[in-house]
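Enquirer: Shown below is the structure under consideration.
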Amino acid sequence: MKTTLISTLILAPALLVGCAQTQSQDKVMDRFIDDLMSRMTVEEKIGQLNLPATGEIVTGQAKSSVGAERIKAGEIGGLFNLKGADKIREVQRIAVEESRLGIPLLFGMDVIHGYETVFPIPLGLSCTWDMAAVEESAHIAAVEAGSDGICWTFSPMLDVSRDPRWGRVSEGNGEDPYLASRIAEAMVYGYQGRPGKQYETNEQIMACVKHFALYGAPEAGRDYNTVDMSLQRMFNEYMSPYKAAFDAGAGSAMVSFNEINGTPATANKWLLTDVLRDQWGFDGFVVTDYTGILELVDHGIGSFEEVSKRALNAGVDMDMVSEGLFTYIKKGLEDGSVSQKTLDTACRRILEAKYKLGLFEDPYRYCKEGEAEAKVYCAEHRAAARRIAAESFVLLKNEEGLLPLDKKGTVALVGPLANTAANMPGTWSVAAQHNRTVTLLDGMRETLAGKVNVLYAKGSNLCSDPELEARSTMFGRELGRDSRSDAQLLSEALAVARRSDVVIAALGESSEMSGESSSRSDISIPDVQKRLLDALLATGKPVVLLLFNGRAMTIQEEAAKVPAILDVWFGGTETAYAVTDVLFGDVNPSGKLSCSFPKNVGQIPIYYAHKNTGRPLADNGWFTKFRSNYLDVDNDPLYPFGYGLSYTSFSYSPVTLSADRMDQNGSIKASVTVTNTGSVAGKEVIQMYIRDLVGSSTRPVRELKGFEKILLQPGESRTVEFTVDVEMLKFYDADMQYVAEPGTFRVFIGPDSTTDNAAEFELI
């Protein structure tokens, strides 16, 4: 191995591993990088900014190939979507041993909700409202990826979204910035470790906050589409999750595809420098999204050469796939459109990331021989995935206590999602091994063997249109379209249903009906599945709708007819076992919605933290002429944010406040006593919302400001207390000042966002 870099270091190895937190460590890192950069050519500095894809795992519209000669020449700073410690170790060997300066490469991957052990899709994971579980899932992902060569993950995605037509709602945390901010912190801690203890081992990898910023608010819910909103709305409703992640120490950021204030984010100096660097103090590096620089040409702001220079000048440090920086920055130095300082700053940020990850001390720390075999997809990780998946499921309806089912008799498992392994991990599970994932059918039969006779029929294809099904089952997620007629499939399902005591209908979306570039204008259950469900209900058998989905769906018709509905999202590699656990009562569901379910698409966007108009509809009212409402549907969602049932029941005492007045330096305690009034143990998420009744700018009708998830035994009571301080009451006013204004505030505490259990206090 070359020792050019390492020989310059005269410090203890401990100082080379992990994140440089102390001032002395920062100085050591600075001296090291100063020395290295003094020996780098302009070409080598530009090479550090270049991030090609290997083409091994397809996640974008373009492919690039990387030869050894380019690595030897120092033309590449990192690679992504190369899988396997052996492969990565060999590529790293070329970089370290055969290039002039031996600078190691970064290896990144879309480790979104697990590596080979896959956890629920992020939208599902957010429905746990369990930050310990969220952090654990990210840590396990880091352990597996870090043992198999990956040191950098393009996660967490922190785009607040209030439009379920947008496919990437599946990859985010729902509609609320406060909940998303808490998840942001947990994810960063899980990937990187807590501040001061980051990157201490190869079980900690670098997070990448995405997509900065506002990617979750495209017009019409169409992916990559234009985003347009006021600065006030931007900072009050969308920006806080990103900032929370950066405050937690996230090492990198990924730029969004959309424009902001008329300038695409990839070329937006106000966003990437003024806000991110100067206001927020972010000191990591910024990478584009897939071909982000090249796409600036189609945005219409310049030639490829012009936009490449503009992106670097705006604050981009690393170019994913486009190679615009690699191609044009040297020319920019020559003509004066790019300064040497700008290039040096970007290069330094990449080198600092590699230093913090410990790659200069040990370039192979993330691809040590034999580690992956012991850590990846191990029994311990799978058990955690099963437990967390069960906690993510949301019980939407349970008429007459149909669930949990008895472990006896005959059950009919019907539907196109019942016997597919590849769809269970959900979208953006690029490292999942589909041959090891168990279908719902097989998992249920295995778990219930000797107790329940499980019959199966597909019942229908995913949808009647084969071309739509093909678009909805990409990346090896085919359902195996059945060549039989709809009538034949239905007849088989009805025969199975009639022989059974209860029917479980596994319906909804395929995993790739949501995710990137999977926007839908119609977010209902596909046509042929609706007909199947109606026919199953007509048999008179009790029917449980097991809803697979990567978004909130319009299921008003189903909710009116089906006695029990369990939303299981896509629960990861252990979906089959987790679903069985919940359906048959081994686990009491405790998930709460992180997104509102609309009654129809015409209500979109629909979210709980809306503002009143000057003509608000009266509470529980509909229809009133000359008020803000529809002619054909009320204003309320089908299921509100924070909603979710249990196999037990809970009661809440009235809200109690420790004081009715608070000054700008004080705080008050808000509390309720919660009692399990049912017959089984259960978890409940106690949610606190606050409304600012009068503001200099209009304020939402309520905002989530705290939550706590507790376990109560039957008959057990517990008092839950929240501290309300001035920081909770602040917002960006019309002058973009972050203020808490004196006045009256209402505190709500209850089981979901519609609770009317409230008390008031005054800020003086």
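Every number in this text was worked out from the coordinates using simple rules, so none of it is lab data. All of these numbers come straight from a predicted model, not from anything done at the bench. Please note: Cβ atoms are built from the backbone with ideal geometry, for glycine as well, and neighbour counts cover all protein chains shown.
Enquirer: For region 648-763, with only Lys/Arg (+1) and Asp/Glu (-1) charged at the beta-carbon, what is the dipole magnitude about the Cα centre, in debye rounded to 20?
Expert: Working: 11 positive and 17 negative charges, 71 e Å.
Dipole magnitude for region 648-763 comes out near 340 debye.
Enquirer: Specify the inter-centroid distance of region 185-219 and region 367-425, based on alpha-carbon positions, in whole Å.
Expert: Using only Cα atoms to place each centre, the spacing works out to 26 Å.
Enquirer: Which angle from 0 to 90°, rounded to the nearest 10, does the C-alpha axis of helix 131-147 make with the longest principal axis of the chain?
Expert: So the inclination is approximately 50 degrees.
Enquirer: If you don't mind, another one. Report the Cα centroid-to-centroid distance between region 101-142 and region 483-498 in angstrom, as an integer.
Expert: Going from one Cα centre to the other spans 40 Å.
Enquirer: If a/c stays under 1.5 just call it rounded; otherwise compare a/b with b/c (prolate if a/b is bigger, oblate if not). Do that for region 388-593, with a ≥ b ≥ c from the square roots of the Cα gyration tensor eigenvalues. Could the numbers behind the result be given before it?
Expert: Details: a/c = 1.34, a/b = 1.15, b/c = 1.16.
Rounded, since a/c falls under 1.5.
Enquirer: Over all alpha-carbon pairs of the chain, lay out the pair-distance distribution in 20 Å bins, whole %, shortest bin first.
Expert: 17, 48, 31, 5
Enquirer: Over 29 Å between Cα atoms: which of Lys72/Lys331; Lys45/Lys356; Lys210/Lys561 fall into that group?
Expert: Violating the 29 Å limit, Cα to Cα: Lys210/Lys561.
Enquirer: Provide Arg168, Arg691 in ascending order of the number of other Cβ atoms located within 10 Å of each residue's Cβ, fewest first.
Expert: Ordered by Cβ neighbours within 10 Å, fewest first: Arg691, Arg168.
Enquirer: Sort Thr473, Thr117, Thr613 so that the residue with the fewest other Cβ atoms within 10 Å of its own Cβ comes first and the one with the most comes last.
Expert: Values: Thr473 21, Thr117 30, Thr613 10.
So the ranking, lowest neighbour count to highest, is Thr613, Thr473, Thr117.
Enquirer: Got the relative contact order for region 388-593 handy, in percent, Cα pairs under 8 Å and 6 or more residues apart?
Expert: Across region 388-593, relative contact order equals 37 percent.
Enquirer: Now, a different point. One-quarter of the Cα convex hull surface for region 388-483, in nm²?
Expert: Averaged projected area of region 388-483's Cα convex hull equals 8.0 nm².
Enquirer: Do the alpha carbons of any pairs in Lys83/Lys368; Lys197/Lys368; Lys451/Lys592 sit beyond 24 Å of each other, and which pairs?
Expert: Checking Cα-Cα distances, Lys451/Lys592 exceed 24 Å.
Enquirer: Continuing with this model, one more query. In whole angstrom, how far apart do the alpha carbon centroids of region 577-600 and region 687-730 sit?
Expert: Cα centroid of region 577-600 versus Cα centroid of region 687-730: 23 Å apart.
Enquirer: Can I ask one more? With r as the distance between the Cβ atoms of Ala73 and Met474 and R0 = 25 Å, compute the FRET efficiency 1/(1 + (r/R0)^6) and round to 0.05. Before the final figure, lay out each step's value.
Expert: On the way: r = 35 Å, r/R0 = 1.41.
Efficiency at R0 = 25 Å is approximately 0.10.
Enquirer: Grab the DSSP H runs of the chain that are 4 residues or longer, score each as -39,500 (n - 2.57), total them, divide by all residues and round the 222 nm result to the nearest 500 deg cm²/dmol.
Expert: Mean residue ellipticity, 222 nm, calculated: -8000 deg cm²/dmol.
Enquirer: Obtain the nm distance between the two label points defined at Tyr630 and Arg661 by a simple spin-label model: each point lies 7 Å from its Cα along the Cα-to-C-beta direction.
Expert: That separation, rounded to one decimal, is 4.7 nm.
Enquirer: With Cβ to Cβ distances under 13 Å as the rule, what net charge do the other residues near Phe282 carry (K, R +1; D, E -1)?
Expert: Details: positive: Lys243, Arg277, Arg349; negative: Asp247, Asp274, Asp278, Asp283, Asp317, Glu352.
Result for the local shell: -3.
Enquirer: Assign one of three labels to region 609-711, namely rounded, prolate or oblate, based on the Cα gyration tensor with a ≥ b ≥ c the square roots of its eigenvalues; rounded applies when a/c is under 1.5, prolate when it is not and a/b is larger than b/c, and oblate otherwise.
Expert: Oblate shape, in that a/c is at least 1.5 and b/c is the bigger or equal ratio.
Enquirer: Here's a follow-up. Taking amide hydrogens as modeled 1.01 Å from N in the peptide plane, which residues meet the under 5 Å criterion relative to Leu413, leaving out close sequence neighbours?
Expert: Leu455, Tyr456, Ala457, Ile504
Enquirer: For the charge dipole of region 648-763, defined by +1 on Lys and Arg C-beta atoms and -1 on Asp and Glu C-beta atoms about the Cα centroid, which residue among Ala734, Thr656, Leu711 has the Cα displaced farthest towards the positive pole?
Expert: Final value for the positive-end residue is Leu711.
Enquirer: Placing +1 at every Lys and Arg Cβ and -1 at every Asp and Glu Cβ, with all other atoms neutral, what dipole size does region 116-246 have around its Cα centre, in debye to the nearest 20?
Expert: That gives a dipole near 360 debye.
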